[in-house]
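Inspection log for the structure reproduced underneath, given as structure tokens.
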Amino acid sequence: MTKGTHSYIEDKRNESILIYINGQLFPRQKAKISVFDSGFLLGDGVWEGIRLLNGHLIFLKEHLERLYGGAKSISIEIGCTPEQLADKINKTLEANKMETGVHLRVIVSRGLKKTPYQHTNANVGKATIVIIPEYKEADSKVNQNGIRIMTVTTRRGVSDTQDPRINSLSKFNCIAACLEAEQLGADEGLMLDMNGNISTCNSTNFFIVRDDEVWTSTGEFCLPGITRKIVIDLCKENNISVYERDFQLKDVQSADEAFVTGTFAGIIPAIAIDGKILSQGYRGLLTKYLQELYFQKLHQLYPKLK
């Protein structure tokens with residue numbers, strides 16, 4: 001992959017990784033699930049992306065809380081405790097002899113169906129659990145040079161249709177925004193909520209900087225990002241004014257800086273939005289400072305193992 005917020009360096013070691021599926025490990029080429037799985041048939045499930053850094057699964061507790069909270073909200077019984085799932089993750093990493101520079105995807109679907117039908121009474125057996133670990137380091141050039149964002153027409157959902165705060169496998173809303181952004185020549189699509197306020201990007205959380213203040217959405221219509229919360233906390237800890245509030249495109253157009261956040265790449269500057277160049281087309285000073293604070297926090301919490 002060569003551009004965007006998930007730009008990464010290709011690694012040949014990924015050709016021989018072992019993938020966990022329901023208690024067994026399979027070589028990448030043989031890792032398969034049934035066509036009757038709820039995740040394949042309906043996008044019925046939840047997932048998390050987690051990084052392995054210096055032998056540590058970073059912010060594992062927060063990721064598992066979000067995974068189990070999402071599963072509970074759509075009545076999926078994962079079938080093991082968070083501690084047991086963490087053990088499955090660690091054993092998968094050990095089997096692959098992985099220590100750092102890894103991004104893994106944990107996927108839980110409602111499991112097998114006896115026939116292709118959405119009702120849960122067609123399900124048989126337990127939930128499907130898949131763990132895909134890959135050597136995947138973010139391309140640091142993106143964190144320095146930034147991305148270009150375009151506003152898209154695809155709106156975020158609401159809690160009484162498809163709750164946008166659940167990290168579900170049903171990602172078509174975000175995929176539609178991603179496709180629209182790509183057609184516009186952008187790296188990410190900026191999505192509005194039902195009221196016309198700024199919500200989020202299609203795969204990252206969105207922030208602007210105005211007069212040394214950091215603004216982000218209220219969070220009502222976006223995924224409760226782990227990195228998003230860390231950045232908000234870092235601002236509070238370092239006397240940077242930060243606000244979770246409603247704001248609109250006109251506020252974005254007059255912003256001094258903008259950036260997005262996500263588990264994979266951390267904090268990425270946005271240098272242009274809807275063709276308007278921000279911070280003279282370079283990473284903004286406050287964005288750079290927050291990147292440094294975030295890097296320091298990660299390595300303080302998760303130092304190299306001796």
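Some observations on this one:
- For segment 264-282, the set of residues classified as outside any strand (DSSP E or B) and either surrounded by fewer than 18 Cβ atoms within 10 Å (Cβ to Cβ) or basic (Lys, Arg) (or both) consists of Asp274, Gly275, Gln280, Gly281, Tyr282, listed by residue number.
- Criterion violated by Pro164 - all others in (1) assigned to a strand (DSSP E or B); (2) touching a Cys at 6+ places or on another chain (Cβ under 9 Å); (3) not basic (Lys, Arg) satisfied: (1)
- Verdict on Arg105 being outside the structural domain of Thr161 (by TED's automatic domain parsing), under 26 Å from Pro164 (Cβ atoms) and buried (at least 17 other Cβ atoms within 10 Å of the Cβ): no
- Considering residues of segment 1-59 that are among the aromatic types (Phe, Trp, Tyr) and part of a loop (DSSP other than H, G, I, E, B) only, the residue farthest from Lys126 (Cα to Cα): Phe59
- Matching option when the condition is surrounded by 13 or more Cβ atoms within 10 Å (Cβ to Cβ), out of contact with any Ser or Thr (no Cβ under 7 Å at 6 or more places or on another chain) and in contact (Cβ under 8 Å) with a residue 60 or more places away in the chain, among Ile19, Ile76: Ile19
- Taken over segment 60-106, the criterion of being farther than 30 Å from Thr120 by Cα and hydrophobic (A, V, I, L, M, F, W, C) is satisfied by Leu93, Ala95, Met98, Val102.
- Segment 237-253: number of residues that are surrounded by 12 or more Cβ atoms within 10 Å (Cβ to Cβ) and either assigned to a loop (DSSP other than H, G, I, E, B) or of a type outside the set (A, V, I, L, M) (or both): 10
- Annotation note: Cβ proximity below 7 Å between a residue of segment 168-183 that is in contact (Cβ under 8 Å) with a residue 24 or more places away in the chain and a residue that is surrounded by 20 or more Cβ atoms within 10 Å (Cβ to Cβ) and part of a helix (DSSP H, G or I) (sequence gap 6+ or interchain) occurs for Ser168/Gly70; Leu169/Gly39.
- Condition met for Asn121 (surrounded by fewer than 20 Cβ atoms within 10 Å (Cβ to Cβ) and outside any loop (DSSP other than H, G, I, E, B)): yes
- Condition check for Tyr68: of a type in the set (Ser, Thr, Tyr), closer than 21 Å to Gly111 by Cα and either crowded, with 16+ Cβ neighbours inside 10 Å or modelled with pLDDT under 95 (or both): yes
- Looking across segment 82-110, just one residue is assigned to a loop (DSSP other than H, G, I, E, B) and touching a helix residue (DSSP H, G or I) at 6+ places or on another chain (Cβ under 6 Å), and that is Arg110.
- Residue in segment 222-229 that is among the small types (Gly, Ala, Ser), part of a helix (DSSP H, G or I), within 18 Å of Val142 (Cβ to Cβ) and at pLDDT 95 or above present: no
- Any hit, segment 283-292, residues being assigned to a loop (DSSP other than H, G, I, E, B), over 25 Å from Leu64 (Cα atoms) and assigned by TED's automatic domain parsing to the domain that holds Asp163: yes
The values are calculated or read from the model by the stated rules, or taken from the named source; none is laboratory data. Because the structure is predicted, anything quoted here is derived from the model rather than measured. No Cβ is skipped: glycine too gets one built from the backbone with ideal geometry, and neighbour counts run over all protein chains shown.
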